[in-house]
Structures are given as structure tokens and as C-alpha cells.
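The values are calculated or read from the model by the stated rules, or taken from the named source; none is laboratory data. This is a predicted model, so every value here is computed, not measured. Cβ coordinates were reconstructed from backbone atoms using ideal geometry, including for glycine residues, and neighbour counts include every protein chain displayed.
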Amino acid sequence: MIATLRLRLMKRRALSAYQEGDFTTAHSLFQRILDAEPGSPGARHNLALTNIAMGNYEEAERLLLQELEDFGEYYPRLRALADLYYVGGRREEANAYYRRCSASDPPEGDVDLLRKRIELTDDEARYDRVKRAHESFADGNRLMQEQRWDEAISAFTRAADFDETNIHAMNNAGSIYLNHKSDPKQAAGFFRRALRWSNMPWIRRNLLQAEKADGDSTKRTGAKR
């Protein structure tokens, strides 16, 4: 019972760290979860996603291909591989996997993103902006780890400007505004931009948290008048 409770709490902490862009902590926790549940596709999948966010592309690909072999074709697995190749500079493979995703009954909220990423990976000229976005995103992650918040926000904003589908850049900028700059209004703006492309539950939760914080701030300001 205690071990089960600890594992449940660890999963919650890992997901929270991932949502806030703290990929180092998330990676450590997801690895511990996978060690405790080696047959769990969810643990392996989440560890792979964290590896992608950290730039550990070879390890992420190994985990995802193993998952695909063990559990078969499934939209989230195909999508994770497509995203891996997209951020890893493998344009043609990304294009092929996004097309497979489009043919695998994707969620309605992902259709626009898949269409846009197929367009971005159709030729090298368009994909060049994606590469520049990835460079800025990597800079943002480094600056965030160094707690250089303003510079990290600038890097994540550049990444989102180069590639409007880069939801992680928008989410990370929003998380910094919410958690370190005490600016929930700016945070909510970034979370809404991310939700334009992906209706991920953790981004929705971040937006709700920002909207609540903004509402509380407005009430406090009004009470002082």
C-alpha cells in the first residue's frame, strides 16, 4: 500500500515537473517510475517525451520504437515519433510519420497541427525556420535551468515566432511568467497560443491556473481601492 502510494505521488510530481518545463526533474522521476513498472507503456512513453524535450533523441527513439514493437501502432506512439524526427532534424521521416498520424484517426484538436507540420516538412526552405526554432528553444531551456528568466522568455518567444506550432516554447514562457514573474495575464496569453495548436490537458490546466491567479490578483487590486 505504501509503495503504491509513493509511486502515485511520484507520477504526480513527474507530470507536474514536465508541465512546468523542469525536464531534468521529470526525467529522473519518470526513469524511477519505469524502473518500478518496466512493463508500463505509459512510463516508457512519458520518459521518451521527456528525452525529446531534453534533446536526448537517440534514447527517445529507442524507447518509442520499442513501445511500437511491443504494443503496436497507435496514434500517440506515431505522433511521438513524428515529433521526435521533427525536432531532431530528420525532415523526411517527420513528414512520413505526420502523414501516418493523419491517417490514424487523430483527435480533432490535432488536425490543424498535423496539417501545418506536414506543410513545414514538405521542403527544406520551410523546415529551416523549424530548425531555428529548435535552436532558440534549446537556448531557452538552458537559460531556464540557470534561472535567467527574462532571457529564457525571450528565447522561447523567438522559438514560437519561428515555428508557431512549438507548443513547448509557449508553455515554458507561460510557466515562467506564472511561476517566476508573477504575471498570470502574460502567462495566460502564451498558454492560449499553445492551445491553438494542441488541446493538451496539462496546458489547459496551466491556463486555468493562470486565469485563476489573474482573477485573484484583480480582486486584490480592487479591494485596495
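For this structure, a couple of remarks:
- For the range 185-202, the set of residues classified as surrounded by fewer than 24 Cβ atoms within 10 Å (Cβ to Cβ) and of a type outside the set (Lys, Arg) consists of 186, 188, 189, 195, 197, 198, 199, 200, 201, 202, listed by residue number.
- Residue check for residue 181: basic (Lys, Arg), part of a loop (DSSP other than H, G, I, E, B), within 25 Å of residue 17 (Cα to Cα) and at pLDDT 95 or above: yes
- Residues in the range 97-127 that are small (Gly, Ala, Ser) and either surrounded by 15 or more Cβ atoms within 10 Å (Cβ to Cβ) or over 20 Å from residue 161 (Cβ atoms) (or both): 102, 103, 104, 109.
- The listed residues are 194, 188, 173, and the only one of them that is in contact with a Ser or Thr (Cβ under 7 Å, 6 or more places away or on another chain), among the small types (Gly, Ala, Ser) and modelled with pLDDT of 95 or more turns out to be 173.
- Enumeration of residues in the range 202-213 that are at pLDDT 90 or above and not β-branched (Val, Ile, Thr): 204, 205, 206, 207, 208, 209, 210, 211, 212, 213
- Of 82, 48, 94, 138, all but one fail to be assigned by TED's automatic domain parsing to the domain that holds residue 198 and aliphatic (A, V, I, L, M); the exception is 138.
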